[in-house]
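Remarks on the structure that follows.
The values are calculated or read from the model by the stated rules, or taken from the named source; none is laboratory data. These figures come from a predicted structure and were not determined experimentally. Glycine gets a Cβ as well: all are built from the backbone with ideal geometry, and neighbour counts include every protein chain shown.
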């Protein structure tokens, strides 16, 4: 019997976020849908950085959240199994 490896330590992810979505996050919207190209896991920290595509730059507004759950959309009955997106349950840090 092989020894069980400990879980990987939580990661930090910085994500560009469009202004409309950025404003909704943490104000009644405690989830986000993302392509799972970063292998998100529970306990990860996400730093949402507001990004404006019109000016192609950051606004310097930031919100920080911890991932509380990860739902792979490809595992949902009726959804294509090849779908690479996830719904991230989030708990936002209080801001000063």
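A few remarks follow.
- Residue check, residue 48 surrounded by 13 or more Cβ atoms within 10 Å (Cβ to Cβ), at pLDDT 95 or above and not in a strand (DSSP E or B): no
- For the residues 1, 79, the requirement of being at pLDDT below 95 and touching a helix residue (DSSP H, G or I) at 6+ places or on another chain (Cβ under 8 Å) singles out 79.
- Checklist (1) out of contact with any helix residue (DSSP H, G or I) (no Cβ under 7 Å at 6 or more places or on another chain); (2) within 23 Å of residue 8 (Cα to Cα); (3) not in a loop (DSSP other than H, G, I, E, B) applied to residue 86, failing item: (1)
- Residues within the range 11-37 that are part of a strand (DSSP E or B) and under 14 Å from residue 91 (Cβ atoms), tallied: 4
- Matching residues in the range 13-40 - criterion: being loosely packed, with under 11 Cβ neighbours inside 10 Å and free of Cβ contacts under 8 Å to residues at least 12 places away in the same chain: 20, 27, 28
- Among the conditions (1) part of a strand (DSSP E or B); (2) closer than 27 Å to residue 8 by Cβ, the only one that residue 40 does not satisfy is (1).
- Going through (1) exposed (fewer than 14 other Cβ atoms within 10 Å of the Cβ); (2) over 23 Å from residue 84 (Cα atoms) one by one, residue 62 falls short only on (1).
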